């Protein structure tokens with residue numbers, strides 16, 4: 001009788017991932033056994049220290065040059081340079097988002113109670129302080145974000161997708177204010193996310209039917225041997241694309257984003273707008289460049305159309321919004337389109353893709369930290385019923401609180417890509433890489449890439465309009481007599497805004513530091 005060999009697990013390499021998941025499991029045990037009054041005192045340091053520890057372990061691997069040369073965990077996880085860079089970015093973004101989550105007043109005291117019912121009023125009066133299970137849920141979501149872009153086969157990627165998504169479905173429904181809107185957002189996200197996961201899993205089955213493997217390098221090798229396009233393969237590619245584009249929030253799969261961003265607690269919105277997007281783009285790169293690199297002439301026209309549609313839809317529809325969080329949601333959709341321009345800029349090998357990958361990694365880092373800063377400011381502008389969501393309530397904010405309004409304006413200018421901000425260099429790097437890839441690919445593809453870059457510039461100009469509109473509203477309008485109050489920020493919120501502002505300014509003045517790190521990471525993408 002043949003014995004089954006024991007799997008080889010490189011625990012040291014996977015340590016950042018294991019620390020986050022281990023802390024999440026400990027958090028569940030805290031919820032089960034610790035007295036309610038002690039839970040938050042345990043959860044907050046546990047969550048923050050686990051994220052710091054995981055980030056430190058990522059740094060140790062990078063500084064030691066201890067990056068593996070092949071996939072680990074029996075080929076299931078690719079801890080290469082891009083994965084470590086994305087892990088570091090996600091852990092930083094998660095840490096600052098937890099500082100926002102730690103503020104009082106964002107989460108409902110009892111999610112099980114019917115909104116407006118006596119049970120909810122009793123929970124509020126009891127001072128339950130919100131759900132402490134938020135912290136282990138966040139850690140599980142962060143663990144999924146780490147696994148999703150590092151997965152080296154489609155089944156592991158599906159597991160990462162679900163571990164990332166399921167906690168977020170719950171967290172979106174826990175807003176303390178606008179309870180019905182929050183529950184509606186949670187239900188919409190769950191239903192649409194379930195459909196997208198089903199598409200992804202069905203696509204995995206179709207691709208397996210063609211290649212006989214779910215390993216990304218194995219799929220790419222099967223494509224290299226194939227002499228004709230198999231209908232099963234094309235169907236699988238289409239279904240995988242639906243699942244991935246949903247998580248990115250690309251048009252025409254972006255409908256969930258505005259509703260969910262609007263209804264979710266703002267710290268959770270910040271986590272989704274930054275960390276989830278970083279993880280999703282990383283997964284898209286892993287599937288398209290590593291698994292389907294030999295099929296790039298087939299998927300690039302589709303990504304071209306999706307990128308163009310996403311940039312235009314996000315930029316134009318943002319102009320019509322009157323809710324500040326919905327406006328930022330459509331802004332996020334437009335930025336997803338800019339990132340897909342970088343995804344288009346592929347040649348097929350890791351060495352040739354390094355320039356494009358460097359630009360994408362840089363954009364993800366600077367956009368993510370600016371996004372968290374924007375939503376941190378949103379949490380401080382409040383009406384009696386919660387955050388001041390309508391744009392008209394922001395009129396005259398520059399006269400009521402010039403420092404806060406100035407900070408918010410600077411973040412918006414970074415989103416618009418104004419020079420001397422990190423956003424300018426992010427867009428410049430993406431567009432330059434796209435033009436360079438078109439030049440390398442030949443006259444026909446060069447024209448297509450140039451056209452996509454022109455569309456990107458036009459979309460940026462349209463986006464600049466609604467960003468500037470908010471700035472004009474804040475500084476050149478008279479504040480209403482019953483205007484919103486500016487909440488006294490906690491030390492955590494002050495730290496989040498200060499760090500976001502410092503990074504946005506610092507990278508805008510000296511982009512070489514982050515670009516250098518991104519360039520080093522981009523040169524070690526696993527293609528086998």
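The values are calculated or read from the model by the stated rules, or taken from the named source; none is laboratory data. This one's a predicted model, so the numbers in the text were calculated from it and none came from an experiment. Neighbour counts are summed over all protein chains in view; Cβ atoms, including those assigned to glycine, are modelled from backbone coordinates with ideal geometry.
Which of the residues spanning region 491-516 are out of contact with any helix residue (DSSP H, G or I) (no Cβ under 7 Å at 6 or more places or on another chain) and at pLDDT 90 or above? Spell out the reasoning first.
Residues of region 491-516 out of contact with any helix residue (DSSP H, G or I) (no Cβ under 7 Å at 6 or more places or on another chain): 491, 494, 498, 502, 505-506, 509-510, 512-513, 516.
Result: 491, 494, 498, 502, 505, 506, 509, 510, 512, 516.
For every residue, the table says whether it meets (1) at pLDDT 90 or above; (2) surrounded by fewer than 21 Cβ atoms within 10 Å (Cβ to Cβ).
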position	(1), (2)
96	yes, no
110	no, yes
121	no, yes
132	no, no
136	yes, no
146	yes, no
166	yes, yes
190	yes, yes
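For region 8-40, which positions are closer than 19 Å to residue 94 by Cα and modelled with pLDDT under 90? Reasoning before the result, please.
We begin by selecting, within region 8-40, every residue closer than 19 Å to residue 94 by Cα; these are 14-28, 40.
If the condition is that a residue be closer than 19 Å to residue 94 by Cα and modelled with pLDDT under 90, then 40 is the only one that fits.
Mind telling me which of the residues 488, 496, 470 ends up being more than 22 Å from the chain's Cα centre (by Cα) and not in a loop (DSSP other than H, G, I, E, B)?
Going through 488, 496, 470 in turn, just one is more than 22 Å from the chain's Cα centre (by Cα) and not in a loop (DSSP other than H, G, I, E, B): 470.
Would you be able to say whether some residue in region 399-408 is closer than 27 Å to residue 481 by Cα and not in a helix (DSSP H, G or I)? Let's see the steps before the verdict.
Looking only at region 399-408, we keep the residues that are closer than 27 Å to residue 481 by Cα, and these are 399-408.
Then drop every residue that is not not in a helix (DSSP H, G or I), which leaves 401.
Yes, region 399-408 has at least one match.
Mind listing just one residue for me: the one in region 392-407 that is out of contact with any strand residue (DSSP E or B) (no Cβ under 8 Å at 6 or more places or on another chain) and touching a residue at least 60 places away in the same chain (Cβ under 8 Å) and, of those, nearest to residue 381 (Cα to Cα)?
Restricting attention to region 392-407, the residues satisfying the condition of being out of contact with any strand residue (DSSP E or B) (no Cβ under 8 Å at 6 or more places or on another chain) are 392, 395-396, 398-399, 402-403, 405-407.
Now restrict to residues that are touching a residue at least 60 places away in the same chain (Cβ under 8 Å): 392, 395-396, 398-399, 405, 407.
Numbers: 392: 12, 395: 11, 396: 12, 398: 12, 399: 13, 405: 10, 407: 13 Å.
Taking the candidates together, the pick is 405.
Yes or no, residue by residue, for (1) within 18 Å of residue 282 (Cα to Cα); (2) at pLDDT below 90:
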| site | (1), (2) |
| --- | --- |
| 160 | yes, no |
| 169 | no, no |
| 197 | yes, no |
| 200 | yes, no |
| 206 | no, no |
| 229 | no, yes |
| 234 | no, no |
| 238 | no, no |
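Is one or more of the residues making up region 3-10 touching a strand residue (DSSP E or B) at 6+ places or on another chain (Cβ under 9 Å), crowded, with 18+ Cβ neighbours inside 10 Å, touching a residue at least 60 places away in the same chain (Cβ under 8 Å) and within 24 Å of residue 283 (Cα to Cα)? Walk me through how you get there before you give the answer.
Within region 3-10, the subset touching a strand residue (DSSP E or B) at 6+ places or on another chain (Cβ under 9 Å) is 8-10.
Then keep just the ones that are crowded, with 18+ Cβ neighbours inside 10 Å; that gives none.
Within region 3-10, not a single residue is touching a strand residue (DSSP E or B) at 6+ places or on another chain (Cβ under 9 Å), crowded, with 18+ Cβ neighbours inside 10 Å, touching a residue at least 60 places away in the same chain (Cβ under 8 Å) and within 24 Å of residue 283 (Cα to Cα).
Among the candidates 239, 235, 201, 244, single out the residue that is in contact with a helix residue (DSSP H, G or I) (Cβ under 9 Å, 6 or more places away or on another chain), over 27 Å from residue 143 (Cα atoms) and either outside any loop (DSSP other than H, G, I, E, B) or touching a residue at least 60 places away in the same chain (Cβ under 8 Å) (or both). Break it down stepwise before answering.
On the way: 239 fails: over 27 Å from residue 143 (Cα atoms); 201 fails: over 27 Å from residue 143 (Cα atoms); 244 fails: over 27 Å from residue 143 (Cα atoms).
Matching residue, one of 239, 235, 201, 244: 235.
Run down 325, 358 and say which single residue is farther than 21 Å from residue 463 by Cβ and modelled with pLDDT of 90 or more. Before the answer, list the steps.
Details: 325 fails: farther than 21 Å from residue 463 by Cβ.
Going through 325, 358 in turn, just one is farther than 21 Å from residue 463 by Cβ and modelled with pLDDT of 90 or more: 358.
Output yes when any residue across region 335-345 is surrounded by 23 or more Cβ atoms within 10 Å (Cβ to Cβ), touching a residue at least 40 places away in the same chain (Cβ under 8 Å), in contact with a helix residue (DSSP H, G or I) (Cβ under 8 Å, 6 or more places away or on another chain) and outside any helix (DSSP H, G or I), and no when none is.
Pass one, region 335-345, residues surrounded by 23 or more Cβ atoms within 10 Å (Cβ to Cβ): 335-345.
Next, only the ones that are touching a residue at least 40 places away in the same chain (Cβ under 8 Å) stay: 335-345.
Next cut, in contact with a helix residue (DSSP H, G or I) (Cβ under 8 Å, 6 or more places away or on another chain) only: 335-345.
Next cut, outside any helix (DSSP H, G or I) only: 345.
Yes: one or more hits.
Do the conditions hold for residue 228, that is, is it outside any helix (DSSP H, G or I) and over 30 Å from residue 386 (Cβ atoms)?
Working: outside any helix (DSSP H, G or I): yes; over 30 Å from residue 386 (Cβ atoms): yes.
Considered against the rule, which asks whether it is outside any helix (DSSP H, G or I) and over 30 Å from residue 386 (Cβ atoms), residue 228 comes out as yes.
How many residues, within region 21-74, are in contact with a strand residue (DSSP E or B) (Cβ under 9 Å, 6 or more places away or on another chain) and without any contact (Cβ under 8 Å) to a residue 60 or more places away in the chain? Before you say what the answer is, go through the steps one by one.
Within region 21-74, the subset in contact with a strand residue (DSSP E or B) (Cβ under 9 Å, 6 or more places away or on another chain) is 71.
Narrowing the set further to residues that are without any contact (Cβ under 8 Å) to a residue 60 or more places away in the chain leaves none.
Total satisfying the criteria: 0.
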